[in-house]
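Data block below; observations after.
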Amino acid sequence: MSFRNDLFLGRFGLLPRHDDADLLLDEPVARMIGRRVCRHYGKEELTDGQLETLLAAAQSAPAKSDLQQYSIVVTDKAQQRAISDMIGSMPWIADASRFLVFCADMHRGQRIAEMRGKEHVNNTLDTFMNGAVDASLAMMAFITAAGFKGLGTCPVSAVRAHTAAICELLGLPDGVFPVAGLTVGYPTDDGRFTLRLPPSVVVHHGTYDDSNLEDELRAYDARRNKAQPMDPEKQMHKDDFGISDDYGWTENTARRLAKREREEFGGFIRDHGFDLE
Ligand SMILES: Cc1cc2nc3c(=O)[nH]c(=O)nc-3n(C[C@H](O)[C@H](O)[C@H](O)COP(=O)(O)O)c2cc1C
């Protein structure tokens, strides 16, 4: 079995459809396909210089119109511990060497407009989105660079369950909000693949086509349950939905989407500088 087949089997539980892509499968691409989050960290710390290089990789991500509408907060150990305690269920936040918070940032543009005697008239949903996308791309560039160097990372959107407290802790002004936190450190285990949806569901050629979605999902659930059997006790929202013997990614997703999450986030954002028009 080829290295590429192994990698695709790990990622999708499926073999690649084409057999001419080995040329593209060099070490960096293989590392990207093999990426998984890390929730177990050792005591070894990243140096400030290492962090500086990874942050340079993050800032090398493309940014919409070169406006660079994001900020990255590197927390100190006390803030890292406070955020870990606040979230409560993710001890790897405190265990990681560093915890960063990637933020969408409209505030800097507003200051720049003022400095240059202009009116900032783009307090819009589009700017909100551009900041969130810029922050996400920077985070992904950081994740990729860290992965190339054998470091583990885990994004943490749970910071948005505590947006007000995080904004206060990190001194984020109106117009700045956390998109996600990110742990980084030296992994103590290899983690494991989380099987992805098949490319036939996610990648559309020419026009959007989900006509085969139900069959594809049934097969995906079966592949995932075989590769990563789930403890029935860990089924999502079992107090509301009970324990199902037909439980897989699809039911898990449906259950998660059946409960409103972070309902106060929209109100907080509107109260803190974003018009979202
Ligand atoms: C924006 C974003 C937010 C996430 N937030 C959390 C989080 O709060 N806690 C957590 O444990 N994992 C979080 N994750 C990690 C996902 O759960 C993980 O990527 C997913 O389960 C797939 O696993 P893999 O990345 O190892 O393939 C987040 C990932 C992303 C992209």
Open item on the list: Explain nothing, just the number: relative contact order of the chain, from Cα pairs under 8 Å at least 6 residues apart, as a whole percent.
Closed with: 24 percent
Task: R0 of 41 Å, Cβ-Cβ distance E233-M129: FRET efficiency to nearest 0.05 - done: 0.60
- [ ] Would you mind calculating the gained length between K118 and E27 on full extension (0.36 nm times residue separation, minus the Cα-Cα distance), in nm to one decimal?
- [x] 28.0 nm
Open item on the list: Give me, ordered by chain and number, the residues 5 or more places off V179 or on other chains with an amide H under 5 Å from its own placed amide H.
Closed with: F102, C103, A104
- [ ] Please arrange Y208, Y41 by counting, for each residue, the other beta carbons lying within 10 Å of its beta carbon, fewest first.
- [x] Y208, Y41
TODO: Could you please rank S71, S2, placing first whichever residue has the fewest other Cβ atoms within 10 Å of its Cβ?
DONE: S2, S71
TODO: Report Rg/Rh for the chain, rounded to two decimals, where Rg is the Cα radius of gyration and Rh the Kirkwood radius.
DONE: 0.98
TODO: Rank these for me by crowding, T250, T194, going from fewest to most other beta carbons within 10 Å.
DONE: T194, T250
Task: Angle in degrees between helix 3-12 and the longest Cα principal axis of the chain, rounded to the nearest 10 - done: 70 degrees
Open item on the list: Report the Cα-based extents of segment 48-191 along its three principal axes, largest first, to the nearest Å.
Closed with: 52, 31, 25
- [ ] Based on alpha-carbon positions alone, could you give the equivalent ellipsoid semi-axes of segment 196-235 from the gyration tensor, as √(5λ), descending, whole Å?
- [x] 26, 9, 8
Open item on the list: With a cap of 13 neighbouring Cβ atoms within 10 Å, and only residues DSSP puts in a loop, list the trypsin sites (Lys or Arg not before Pro) found in segment 1-104.
Closed with: R17, K43
Open item on the list: Placing +1 on the Cβ of each Lys and Arg and -1 on the Cβ of each Asp and Glu in segment 143-198, which of F148, A158, L195 has its Cα farthest towards the positive end of the resulting dipole?
Closed with: L195
Open item on the list: Nearest 10 degrees is fine. How inclined is helix 125-148 to the longest principal axis of the chain, computing both from alpha carbons?
Closed with: 60 degrees
TODO: Show that you can apply the helix-only estimate: for the chain, add -39,500 (n - 2.57) for every DSSP H stretch of four or more residues, divide by all residues, and state [θ] at 222 nm to the nearest 500.
DONE: -13000 deg cm²/dmol
Open item on the list: Based on alpha-carbon centroids, what's the gap between segment 219-271 and segment 21-82 in Å, whole number please?
Closed with: 28 Å
Open item on the list: What does the extension gain come out to for L276 and D189, with contour length at 0.36 nm per residue minus their alpha carbon separation?
Closed with: 27.1 nm
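Just so you know, all these numbers are worked out from the coordinates, no wet-lab data involved. Since we're looking at a predicted model, the values are computed, not measured. Positions of Cβ are backbone-derived with ideal geometry, glycine not excepted, and every protein chain shown enters the neighbour counts.
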